[in-house]
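Here's the structure we're looking at; comments come further down.
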Amino acid sequence: MAMKTVVLFDGECPYCISKVQWLHSRDKKGAILFATLRSRFAESIGVSEADETIKVVRMTPGGAAEVLERSAAVLETLRGLGGAYSAVAALGSLVPRFLRDAVYRFIATRRHRIPAETAPPESALPAVLINDLTVSELAAASSESC
């Protein structure tokens with residue numbers, strides 16, 4: 001099983017959905033999957049309904065799930081895109097985490113006020129939205145496809 005990355009995002013936030021669509025359009029390797037924070041997948045890794053922090057779940061070849069949050073999640077996602085985005089992630093990782101997370105929190109607390117036109121995630125990302133899977137189901141499906 002190749003390493004899979006799952007981005008958990010606020011599916012009720014137009015700004016968040018627009019960023020997910022941006023990521024999906026640049027994921028040339030098809031390595032990134034998406035699930036909303038209020039999905040069965042998110043619940044299967046212990047994310048509560050009240051949690052609104054972006055998360056990235058890295059599924060290792062052995063089926064284990066590592067969860068990254070806030071700026072670490074953003075940088076890991078950029079790194080996964082490759083190319084110039086990896087360079088941006090490398091530069092971003094030079095900034096101390098407390099500063100990166102402060103910028104993340106600044107944007108996150110204002111995200112519902114940032115205008116963005118987008119479709120609901122179910123219609124915008126049908127092939128890569130895995131809301132109905134659990135971590136173990138994703139690991140099993142990924143190992144079967146190898």
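Here, each number is a calculation from the coordinates, and none is a lab measurement. On a predicted model such as this, the values are computed, not experimentally measured, just so you know. We place every Cβ from the backbone using ideal geometry, glycine too, and count neighbours over all the protein chains shown.
Below, the figures for the structure above:
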quantity: Filtered trypsin sites (Lys or Arg not before Pro), region 1-107: DSSP coil and at most 13 other beta carbons within 10 Å; calculated: Lys28, Lys29
quantity: Dipole axis of region 1-61 (+1 Lys, Arg; -1 Asp, Glu on Cβ), positive-most option in Ser25, Ile54, Gly11; calculated: Ser25
quantity: Neighbourhood net charge (11 Å Cβ-Cβ; Lys/Arg +1, Asp/Glu -1) for Val74; calculated: +2
quantity: Cut-off under 5 Å, modelled amide H: who pairs with Thr36 long-range; calculated: Phe9, Asn131
quantity: Rg(Cα)/(2.2 N^0.38 Å) for region 4-130, N = residue count; calculated: 1.00
